[in-house]
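Novice: The structure follows.
Bear in mind these aren't lab numbers, they're just calculated from the coordinates by the rules spelled out. These numbers come from a predicted model, not from an experiment. Reconstructed Cβ throughout: ideal geometry from the backbone, glycine too, with neighbour counts over all protein chains shown.
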Amino acid sequence: MKCSRSLSSARSLLRCPRKPKPLPPCPRPRSPPTSPPRNNVPLDWRRGALAEGLACYRRQEFFLAHEHWEDEWRGSAEPEKTFLQALIQIAAAFHHLGRGNATGAEKLLNAAAGRLERYPAEFGGIAVDAVREGVRLWLSALEARDPSPQLPFPPIQ
């Protein structure tokens, strides 16, 4: 039996179901890196995925910051890779916190703090000491089960 897609006939609609509408594309599809890891390439926070993620972080759009930085992290080599992983964990922690998951936020901030310990006061154009201190303040607030809305997010600058 041949299928007719004519909308004029209710009978043909019963015999030939409509194709489902295609789903809209994902806003930020994840893809594997297209190039090998970058060796000894400085982190550039003025353009590209790092700059976009930084702008999102500053607007407190933590999930998007995490996504942008993850794109860069995939193609990075050490020591930048672990450094970016710590920043990604910080952004993910505040995304969790915003969704009411204080336990998940605390775990991610602890992991990020551990990763940041090996870095000097400044690394890759970021004031690491200020980030570490901000993470410590949040960990203290979370451990006390009193995260203050007045507490600033760790500055990434």
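Novice: Once the piece of chain linking Arg99 and Ala51 is laid out straight, how much longer is it, given 0.36 nm per residue of separation minus the C-alpha distance between them? Present the calculation step by step, with values, prior to reporting the outcome.
Specialist: Values: separation 48, 0.36 × 48 = 17.28 nm, distance 2.47 nm.
My answer for the length gained is 14.8 nm.
Novice: For region 42-157, place one equal point scatterer on every Cα, skip the solvent, and apply the Debye formula. What is log10 of I(q)/I(0) at q = 0.11 Å⁻¹?
Specialist: Taken in order of the listed q values, log10 I(q)/I(0) reads -0.31.
Novice: Compute the length gained on full extension between Arg58 and Lys81: take 0.36 nm times their separation in residues and subtract their Cα-Cα distance, giving the result in nm to one decimal.
Specialist: Details: separation 23, 0.36 × 23 = 8.28 nm, distance 2.13 nm.
Full-extension gain reported as 6.1 nm.
Novice: Between Gln157 and Arg136, what is the label-to-label distance in nm when each label sits 7 Å out along the Cα-to-Cβ direction?
Specialist: Label-label distance for Gln157 and Arg136, simple model: 1.9 nm.
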